[in-house]
Every structure is written in structure tokens, then in C-alpha cells.
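Read-outs: derived from the displayed coordinates by stated rules, not from any lab. Quick caveat: nothing in here was measured; it's all calculated off a predicted structure. Ideal geometry is used to build each Cβ from the backbone, glycine not excepted, and the neighbour counts take in all protein chains shown.
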Amino acid sequence: MEEVIKAKLREEIGAEYKWKVEKIYASIASFQEDFIKLKKDADSLKEYSGKLADPKELLAYLRLSEAINRRAELLLMYAHLRGDEDTANSEFQGLKSVIDVYYAELKSYEAFFVPEILTLKEDFLQVAIIKEPELKLYEFFLKDIIKLKPHFLTKDQEEIMAGVSDCLEAPANIFSMLSNADMTFPSIIDEEGNNVELTEANYSQFIRSKDRRVREEAFKTIFNTYDKYKNTFSMSLTSSIKNFIFNSKTRKYKSSLEASLKPNEISLKVYDNVIKTINDNLSSLHKYVAIKKRHLGLEEMHMYDLYVPVVDTPKENIEFNSGVEIIKKALVPLGLDYLEIFEEGIKEGWIDVYSNKGKRKGAYSWGSYDTMPYVLLNYNNELNDVSTLAHEMGHSIHSYLSKRHQPYIYSSYTLFCAEVASTTNEALLIRYLIENEKDKMKRDYLINTELEQIRTTVFRQAMFAEFEKVTHENLERGLALTSKELSDIWHKLNEKYFGTDMIVDKEIDMEWARIPHFYNDFYVYQYTTGYAAANSFATMILKGGAESVAKYKNFLNSGGKDYPIKLLYEAGVDMSSPKPLLDTIERFNQLLNML
């Protein structure tokens, strides 16, 4: 019997391909020492309760809160990065657990702040700024709290909500541990006849295989494994949704969707328009499925055929350093200063490149105000991995510039803006590749790649958003959501989105269980809006010259100093209208015609 090719252990990965977590803390001992000091110092936050009507005390509290939270974020970052390196390492998971519990406790120390601000007189802020001019920095922050007065609770109630926040995160933590650490998948036979252990990391490689047997086997293996845990996954997901509904009702919102959108001044119509605009244009996706079916020469198009490229090109092995050089050329229109930051990230250890046994799946960018950005990858030497690198570095450079140009209080951008910079990088990359490819077959492959980006980021994420809306509304109406109901909803959505040319295999019914973003309520629609905004920015950058690039960089520098719709509008993209999304669908149609 042939030996199974197993995932590498963490210690088998070269140091140059690991993120430099030691820049946060040199050792676990240093982490523990700082943790002890923080717990002692953080107690002083409580002393400001009842004193915020004094502008001097308010300013002192805001400064202390910033100092404490910046230190807590360092601890949180370190513990989570180490934990994600190896989800089966009990010491690292212990660090995560301890800091997560304490972080919830820390938030309870500050639970008095918002209720107390809301008890102050209407003209307090104007008077306070006159007495303490340095409070001017916090004006937008404080006004943003005051406008949501109807949705905040009493001091005691806020302390309770802060105290149970860690418990309310339990469903997401259970999902993460089950899918990342506890679940294992059977091995499959790859294209060369090797017996290979299937993992979440290499599944993306197999589902794109030109060998239909391989992709079908990978597809059925992964979803049949998820099916064995369907009751646990349905319980964790519905519990997460119920927690969010509980929070929205407690804070007196009309719905969980309103609770997600209203704080950032995003109209519910923006969400509904995403679903409506996509539903009105599903004929474009149906046309794509029909073209793909014809190009692949299939009598029947199955769900496991969806990711395979329509053009048969030699399998490329794009080493990480080669991928970096490709991205740098694609990002030239953004200017030398942008490229210098990109280079800094590569050289200074922002990135954890390759997968290892127990490493968290997927990819992300994360950082704190006092650290460099950190990027988790599971790089597999494919074009998709190059695109993922460009995407995550877009996040990281957005964060880097926001922190450079904004004070701590406004350094974090909202979720609505979170996917814009990352997807702009992706759009610039694929357009560069298409424009500069002379080989017709490879160019068609790249055209299909951009089609896939739009399909997966616009159409697919809109389907995810519709699933979220349906599941939340069902639970809000008191309807049951077992694994069967969740799978039925998912199946019907796939039928609607992919049309009559697609056979919706029963295995896909469990796909909802694989989606970690469903534990971050009403996040995924922002991939669709983010791609639409990014498509607009990429077009402006390539066609509009220096003025458009300057506007875009100003957006990157802005952090969260204003509401997202306004920041995007000032940069030249109006997300209150369907135009950016319609322009993206038009780009999709153009690519179909090119193909």
C-alpha cells in the first residue's frame, strides 16, 4: 500500500516563510508578564465611573482607555496568531482562551462609559470641547454614540452584556475548533495516483483539477464528512444567529439586519438592493454556466465542475517569490510609495505563507495599532494563491495607511469598507495579467479567472447574503432551523442562482456548514459591495490617472474617521446607488463575450 502524503508539521516550515510573532512578544513568558501588569493597571478604568460629566475627567478616561486597550490588543493578537499556527497545540489554545475570557472582562470594566455619556445633557459636548479643547479629537466618536441613544442600556445591563460576550462567542469558537482541529477527512487518489490526505487547505486544489474523477471524489469526500457532523454544525450556527437576534432585540432594533447596518449609517435598502440587483441579473450567471458546460464538453454540469478552468492550460507552479514579483508589476499604477509598503511587508515578516498540520485554514489579514499587519496564508503555488496574497496585502496596506494617518480612535475602518482595498488589488492583478498575456489559451484562462472572481465574490456572496437574511428572518419569526431546513434553504438557493444547466448535487446541501463568515452576522454582503466598489476603483485608477489614484489613497488613509458610504462617495464611488454593482455585472458580461 502506498504511503499517504501528509501535511507538513509546523517545525518543517522554513523561518523565512513564517510571520514574525516574536515582534509582539519575544516569548510566552513576556506575554504572561505583560498580562499580569495589564490586569493590575486596567482596574483603574473603573474609577472613572460617575465622573464623566467633568470634561477633564472625560479626557483622562479616554486617554487611559486607549492606553489599556492598545496593550490588551497586543496580548490578543499574540495569543490568536500563535493559536492559529497550530489549532491542536493545547498551550497556544490555552493562551487564546485565557485572553478571550479576560478581554470580555475588560470590556465590562468600561461598560459604564456609554450609558453615562447618554445621561449627559444635549449641549454637553459643545461645552466640554470649549473647556477641554483636546476633546475635539473625540467629537465624531462621541456624536456617533449619542445618535444611537435609543439602543443602549443602563449601566448594570451593559455590564451584564459585556460580561456574557465571551459566552455569546461560543458558537463561533465551537465551529472553529470542530472544523479546524477535530475534523479529519479521508484520503483520496490524486491525478498522479498518489494516496493524499484531504484537508481544507488542499481541497481548493483538487476541486479545480482537470481530472473529473479527482474533483468529484474531493467534493463528495469533504461534504459527506461534514454531513456526519450536520447536527453539531446546525446547532452551532443557529445558536450564533439566536445570540445575534438576542443582542438586537435587547438593544431595541427592529431586526437583526438593522442592528448590523444602522450603527454605520448604512440603509437597509443597500442590503436589499444587493440581493435584488443580483436576482434581477441571474441570467448572466446562467449564461456563464451554459458556456462553461459547453467549453468543458459536458453532457451534465455538476457542482464539482464549477471551479475547474474552462481552458486547458499547463499546470503552473508559481513559487511564492515569483508570485510576489507578479503582484508588484500589477500594482505599479498605485505608485512607488504603495509598492514600498508592499515590499516592507514581504521583508519584515508580515506573512505566514505555507500550510502546516493543524494550521487554521483560509487566509486573513489582522493587526493592532502598535503592531505591523499580519497575514495568514495557506499558499499552494497556484494562481489563486497569488490572487489571495494580493487580496490580503490590500487589507494590510489599508490598515497600515489608516494607522499612519489616523489617531487610534479612528484607525480601524468599518466592515463595509473592509473588502474594498483588498479586492481592488485583486482587480488590478487580473486586469494586468489579461492585458499582458500574449498566448491566446492562457489569456482565455485568465479571462475565466476574472469571471470566477466575479462569480465567487459577487454572485456567490450575494447568495450567502440571501441565505443569512432568510435564516435570520425565519428564527426571528420563531421557525425551527434544523440541519434539514438549513440544507433545504441552501439547495433551493443553488438551484435559483445556477439555473437549469446545473445539476445541484445533494452533497452541496451541507456547504453552509463550511462558511465561517456566517458567524459574523451580515458580513458577506460586503464582499459583493466591496467588489463592486473595487471594480469602480480599478477602472478609475487605470483610466483616471494621478487624480483618481490620489482619491483612492485618500480613502485608504481615512480609516474610520467618517461613515463608510460618505468616505467612498468622496473617493468617487456612490454605493447608495446600484450603479457600481451594475457596472460589475456589465464587466462580467464583457468577459463572457471575450471568452
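With Cα atoms defining each centre, region 465-499 and region 545-595 are spaced 31 Å apart in the structure. Close amide H pairs (under 5 Å, H built 1.01 Å from N) link residue 351 with 20, 375, residues at least 5 positions away or on another chain.
What FRET efficiency comes out for residue 562 versus residue 296 if R0 is 56 angstrom and r is the Cβ-Cβ distance? Round to the nearest 0.05. With R0 = 56 Å, the Cβ-Cβ based efficiency is 0.75. Computed extension gain for residue 322 through residue 177, at 0.36 nm per residue and net of the alpha carbon distance, reaches 48.8 nm. Computed from Cα positions, the angle between helix 460-476 and the longest principal axis of the chain comes to roughly 50 degrees. Derived scalar couplings between HN and Hα for region 203-216 equal 4, 4, 5, 6, 6, 9, 4, 6, 7, 4, 4, 5, 5, 5 Hz in order, rounded to whole Hz, by the Karplus curve 6.51 cos²θ - 1.76 cosθ + 1.60 (θ = phi - 60°), x for Gly and Pro. Contact order for region 10-168, expressed relative to its length and based on alpha carbon pairs under 8 Å spaced 6+ residues apart, stands at 26 percent. For Cα extents along the principal axes in Å, the value calculated from this model appears in [x] 85, 68, 38; [y] 74, 55, 52; [z] 74, 59, 51 under label [y]. Taking 23 Å as the limit for the C-alpha separation, the pairs 149/403; 254/484; 56/566; 37/107 exceed it in the case of 149/403; 254/484; 56/566. Over region 177-278, Cα pairs under 8 Å with separation of 6+ residues give a relative contact order of 14 percent.
Positive contributions from Lys and Arg (+1) and negative ones from Asp and Glu (-1), summed over other residues with Cβ under 12 Å from the Cβ of residue 111, come out at -3. Each of residue 569 and residue 479 was given a label point 7 Å from its Cα along the Cα-to-Cβ line. The distance between the two points is 3.5 nm. Taking every C-alpha pair closer than 8 Å and separated by at least 6 residues, the mean separation divided by the residue count of the chain gives a relative contact order of 18 percent. Bridging of residue 276 to lysines at a Cα separation below 19 Å is possible for 287, 469, 492, 496, 579, once same-chain residues fewer than 8 apart are set aside. Peptides 266-279, 141-154, 7-20, 459-472 ordered by packing proxy, namely the average of other Cβ atoms within 10 Å per residue, highest first: 459-472, 266-279, 141-154, 7-20. Here's how it looks for residue 358: its modeled amide H is under 5 Å from none belonging to a residue 5 or more places away or on a different chain.
Between region 1-57 and region 115-187, the alpha-carbon centres lie 21 Å apart. Please check which bits of region 557-593 a label hung off residue 435 would reach, taking the label as a point 7 Å along Cα-to-C-beta and the cut-off as backbone N under 17 Å. Of the residues in region 557-593, 587, 591 have backbone N under 17 Å from the label point off residue 435. For every other residue with a beta carbon closer than 13 angstrom to the beta carbon of residue 27, add +1 if it is Lys or Arg and -1 if Asp or Glu, then tell me the sum. Around residue 27, the surrounding residues sum to -2. Considering helices alone, the calculated mean residue ellipticity of the chain at 222 nm is -19000 deg cm²/dmol, with DSSP H runs of length four and up weighted by -39500 (n - 2.57) and normalised per residue. Taking 0.36 nm per intervening residue step and subtracting the Cα-Cα distance, what contour gain separates residue 146 from residue 547 on full extension? Full extension from residue 146 to residue 547 adds 140.7 nm.
For the chain, the antiparallel share of DSSP beta bridges with both residues in that region comes to about 55%. Sequence-ordered 3J(HN,Hα) estimates for region 24-36 from the Karplus curve with 6.51, -1.76 and 1.60 and θ = phi - 60° stand at 7, 9, 5, 7, 5, 4, 5, 4, 5, 5, 5, 4, 4 Hz, glycine and proline given as x. The modelled label-to-label distance between residue 586 and residue 275, using points 7 Å beyond Cα along the C-beta direction, is 2.7 nm.
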